[in-house]
Amino acid sequence: MDLKLKIWRQAAQDAPGKFVMYPIQNISSEASFLEMLDILNEQLVAKGEDPVAFDHDCREGICGMCSLFINGKPHGPDAAITTCQLHMRRFNDGDTIVIEPWRAKPFPVIKDLMVDRTAFDEIIQAGGFVSVNTGGVPDANAIPIKKRNADLAMDAASCIGCGACVAACKNASAMLFVSAKVSQFALLPQGKVEAKERVQKMVAKMDDLGFGNCTNTYACEAECPKEISVTNIARMNREFLCAKVS
Amino acid sequence: MTNLDSKIPEGPLAQKWTNYKAKQNLVNPANKRKIDVIVVGTGLAGGAAAASLGELGFNVKVFCIQDSPRRAHSIAAQGGINAAKNYPNDGDSIYRLFYDTVKGGDYRAREANVYRLAEVSNEIIDQCVAQGVPFAREYGGLLDNRSFGGALVSRTFYARGQTGQQLLLGAYSSLSKEISKGSVKLYTRREMLDLVKVDGRARGIIVRNLVTGELERHAAHAVLIATGGYGNVFFLSTNAMTSNGSAAWRAFKRGALFADPSFVQIHPTCIPVHGDYQSKLTLMSESLRNDGRIWVPKKKEDAEKIQKGELKPTVIAEEDRDYYLERRYPAFGNLVPRDVASRAAKERCDAGHGVGSTGLAVYLDFKDAIKRLGKNVIEARYGNLFQMYEKIVDENPYETPMMIYPAIHYTMGGVWVDYELQSTIPGLFVGGEANFSDHGANRLGASALMQGLSDGYFVLPYTMQNNLADQINVPRFDTNSPEFEKTEKEVQERIDKLFAVKGKKTVDSIHRRLGLIMWDHVGMSRNAEGLKKAIKEIKELRKEFWTDVKVPGEKTGMNVELEKALRLADFLELGELMAMDALDRNESCGGHFREEYQTEEGEAMRDDKNFMFVSAWEYQGDDKEPKLNKEPLVYENIEVKQRNYKTA
């Protein structure tokens, strides 16, 4: 298929950016979206032009590195997948595809389609862990956990930290990301000990870094490649409130 | 010859690690603060080691190539992690896990290392549970297990099809805790380009900041490399795009030995190759072989019709299907080890029974499992894998059998290390897939996660400390010293040389050709003639690279093509060493199958008399052949047998 790619180009964080149109021909519908960009870059390199910078690594939907805003949606038109799992069969011959980086103040553009998501690491460093050191822990089966709770914790823990939730939110809120981690630990006995401090520290850090508030549009859940549920936000709000009043 | 002292502690096998720890040197807490440690890589081995060393009080600097330590490629491991807990009461023990791992590795791993691995496996599970890793559980609230290839017991702990992700996020959370305490300092989007030695000891690294393009110098009392494997030498593999062999290769060129480079694992259950623009291969977890049955059409004409798209697999009658693993290996059936399953698939496809448009695929069929257990059970077990498959192939695996084919997945070879995981360069430690130590010629499923975390949480924090006790009076290093100056200059010259070529060929186009040479001659089956051809072709391709590669852009700032060119330059040397090693090893063992050495039934034929050793290659200079050193392997606690998966 032949396509027109309208891609955001920006040389550096403080440089002005603009859309540049790139026509591309003979793309197989079996190719993945990122393979299509590889082909474009190989053509740009052959012409001596600067290839388009974009983040990607595992290319199987788990590392959370890829982060493209395609035709107005994080990770493109399909639900429950990352950009690297998107295939060209999802598009039609002659389509114009608009490709942008995540746009949110706490995620500054590094170059072209690549953004800096250090803010997510900082939120985890504020309290997204159980304070146990290596060694001296009880036997794994000494802590029985209800299957239902373990499953819910696993649902929350499957977050890949890609930032699609922030990119999808009109307020650039990180509530879905933060609540997924808070929920995982709130649902497990191992996490209960520090639950109160954890939720307060992580929320304070999130606010500090300039992420917006949640206004319940649920765009985050709709765009999350791992289908993390907004019920985690409700659980975090409850945890937060209980921590504040107790 | 370099002295290859594996430093295996005295005493009976089961006591060695205990004895080691009882007698090792320790560093007191006040002195630990004075000692700097560099950790390169934040996967299971690097992340866990950095966190644990930070907890102990060392000053840790940790480096990762991605934008966050949470994205290291350990995250992509799907199936699970082995441990000898024997929770299912099915007869498992530390000895049995040790035995299965040595046997699975076709008797080419070091006994004492593997025993220690099996010994600490149980602690890993305890540790991960304490961190809040949400492993799968039974209704009674206790942990669930599944079985994996090469074992007769269920000893694999898992978190859906995302076990690697959950274990890595556990290590990442521990690392984050230490970063917030200030004991670990994190450097992201950095790539190690060289190792700095001062007076023969590893004292630092040169990294390139991938955003600014600047070269940086970092000094420490010891360096740990945990940068994963070199499977991307094949261009197409299940590894992540940035996974590369450069840190290990640079260590080799600075004097560390490289062990068993030809031992590469080909994973039997990957999604088949589909086009020449393809950038990577996707793995389908081995756990699928628990319930899926592997088959090809018995009749060649059926296979041909399927290849042309004239016949659907669902209409082929039961008696016309060849469940070739169950036929050849009745005891283990679909759960034979990876090397055996891969070769059997290749054998069937080469014989003309392969399916898919290329004829290079076999079926993995869940029809019987769905009939026996119901669709919802299969969905609960493998739902995310089925979804992934459908997205890529555009077929529903609940209705049509999956198509799979072997692909490069893991490298058992790596930097040679002793029992302490220290290389032949004092102060340079190597952990996880980057070292060679535990899997011999073939790794069993769910053992990579076990080894990464074993090295990171429970081995390196002890052994590195043992070797840092005499460093407490060594002051911090100045990165303006002549050694740092010189090493950085050499890196800069390498970069300048790449830009100076100004040729016509893109990096990927040359990498793809290297991949084809490797796959054709140094892949699933090898022979002397092919290997000699590969060595010749790699040499020619390397020459072509250095005279005709095109690296566009600037030296400063981000330059992805330059990054790829630097990695490929190293792969073009490493690939040749792999072929040399494969050519030298005149036997078949594990993943290394030499066509000249097979039984009448087509099974691998080992030569224990002449090849029961670790080949450890030593760099002699760019214009000289590397030298082969041999570490003999001694089995005192295990009876060496021909591997047999036909009967129990």
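The values are calculated or read from the model by the stated rules, or taken from the named source; none is laboratory data. Computed from a predicted structure; not experimentally measured. Here the Cβ is made from the backbone with ideal geometry for all residues, glycine too, and neighbour counts use every protein chain on show. Areas reflect the complete protein model, heavy atoms only, side chains present, ligands, DNA and RNA absent. Shrake-Rupley method; radii C 1.70, N 1.55, O 1.52, S 1.80 Å.
Before moving on, here are some points about what is shown:
- Leading residue at positive end of dipole, chain B (Cβ point charges), from B:L574, B:V60, B:F593: B:V60
- Between the range B:101-126 and the range A:214-246, the alpha-carbon center distance in angstrom: 43 Å
- Neighbouring Cβ atoms from other chains, within 10 Å of the Cβ of residues in A:184-192, number 3 on average.
- The HN-Hα couplings worked out from phi for the range B:80-89 by the Karplus form 6.51 cos²θ - 1.76 cosθ + 1.60 (θ = phi - 60°) are x, 9, 7, 7, 8, 5, 6, 4, x, 6 Hz, whole numbers, x standing for Gly and Pro.
- Set B:K305/B:K391; B:K185/B:K555; B:K7/B:K543; B:K486/B:K536 screened for pairs whose C-alpha atoms are more than 31 Å apart: B:K7/B:K543; B:K486/B:K536
- Taking every C-alpha pair closer than 8 Å and separated by at least 6 residues, the mean separation divided by the residue count of the range B:465-594 gives a relative contact order of 32 percent.
- Counting 0.36 nm for each residue step from B:D607 to B:D470 and taking away their Cα separation leaves a gain of 45.1 nm.
- In this calculation the C-beta distance from B:L26 to B:I638 is compared with R0 = 25 Å, giving a FRET efficiency of 0.20.
- Residue mean of other protein chain beta carbons inside 10 Å, A:47-60: 6
- Rg/Rh ratio calculated on Cα atoms of chain A (Kirkwood radius): 1.04
- Sequence of A:D116, A:D14 from largest to smallest accessible area, 1.4 Å probe: A:D14, A:D116
- Charged-residue dipole, Cβ positions (Lys, Arg, Asp, Glu), the range A:3-111 about Cα centre, Debye nearest 20: 440 debye
- Report summary: the helix-based calculation at 222 nm, which adds -39500 (n - 2.57) for every DSSP H run with n ≥ 4 and divides by the residues of the protein assembly as shown, gives -11000 deg cm²/dmol.
- Treating each Cα of the range A:3-111 as one equal point scatterer and applying the Debye formula with no solvent, the log10 of I(q)/I(0) at q = 0.11, 0.18 Å⁻¹ comes out as -0.33, -0.93.
- Spin-label proximity, B:R512 to the range A:23-39 - amide N less than 16 Å from point 7 Å beyond Cα toward beta carbon: A:25-39
- Our note on the geometry: Cα centres of the range B:417-487 and the range B:566-642, 23 Å apart.
- Charged side chains reduced to their Cβ positions (Lys and Arg at +1, Asp and Glu at -1) give the range B:482-609 a dipole of some 720 debye around its Cα centre.
- Considering all different alpha carbon pairs of the range B:456-525, the Kirkwood hydrodynamic radius works out to 17.4 Å.
- Order of exposure, largest accessible area first, which applies to A:D151, A:D50, B:D322 with probe 1.4 Å: A:D50, A:D151, B:D322
- Quarter the surface of the alpha carbon convex hull of the range B:386-538 and you get the mean projected area, 15.6 square nanometres.
- The ratio of the alpha-carbon radius of gyration of the range B:482-609 to the globular-protein estimate 2.2 N^0.38 Å is 1.33.
- Heavy-atom surface of the protein assembly as shown, accessible at 1.4 Å and reported per residue (Å²): 35 Å²
- Loop trypsin sites (Lys or Arg not before Pro), the range B:196-241, which have at most 14 other Cβ atoms in a 10 Å radius of their Cβ (DSSP): none
- Working from label points 7 Å from Cα in the Cα-to-Cβ sense, the B:K7 to A:V98 distance is 6.0 nm.
- Accessible-area composition of the protein assembly as shown, carbon plus sulfur, in percent [1.4 Å probe]: 49 percent
- Potential extension, B:N19-B:T556 segment - 0.36 nm per residue separation minus Cα distance: 188.2 nm
- Where the Cα pairs of the range B:267-408 fall when distances are cut into 5 Å bins, in %: 2, 10, 21, 25, 22, 15, 5, 1, 0
- When chains A and B come together, the accessible area they lose, probed at 1.4 Å and totalled over both chains, is close to 6100 Å².
- Among the GluC sites (Glu not before Pro) within the range B:365-472, those in coil by DSSP and having at most 15 neighbouring Cβ atoms inside 10 Å are B:E395, B:E399.
- Net charge in the neighbourhood of B:N610 (other residues with Cβ under 12 Å of its Cβ; Lys, Arg +1, Asp, Glu -1) is 0.
- Against chain A, whose longest principal axis comes from its Cα atoms, helix A:147-157 is set at around 40 degrees.
- At the residue level, A:C214 shows approximately 40 square angstrom of accessible surface with a 1.4 angstrom probe and all protein chains present.
- Across A:K205/B:K177; B:K61/B:K497; A:K205/A:K244; B:K34/B:K61, pairs whose alpha-carbon gap is larger than 19 Å: B:K61/B:K497
- For A:S179, the solvent-accessible surface computed with a 1.4 Å probe is close to 0 Å², ligands and nucleic acids excluded.
- Normalised contact order of the range A:3-111, rounded percent, pairs of Cα under 8 Å and 6 or more residues apart: 35 percent
- Percentage relative contact order, chain B, counting C-alpha pairs under 8 Å, at least six apart: 20 percent
- A simple spin-label model places pseudo-atoms 7 Å from Cα toward Cβ; at B:N89 and B:D548 they are separated by 6.8 nm.
- Exposure ranking of B:K533, B:K391, B:K23 by accessible area [1.4 Å probe, largest first]: B:K23, B:K533, B:K391
- Once the Cα-Cα distance is subtracted from the 0.36 nm per residue extended length, the A:E49 to A:N213 segment shows a gain of 55.0 nm.
- Take each peptide in B:116-128, A:136-148, count the other Cβ atoms within 10 Å of every residue, and average; sorted highest first, the result is B:116-128, A:136-148.
- Of the complete DSSP H runs in chain B, those spanning 24 angstrom or more by Cα along the long axis with a mean Kyte-Doolittle score not below -0.5 are B:111-131, B:163-181, B:560-584.
- Residue-normalised convex hull volume from the C-alpha trace of the protein assembly as shown: 157 Å³ per residue.
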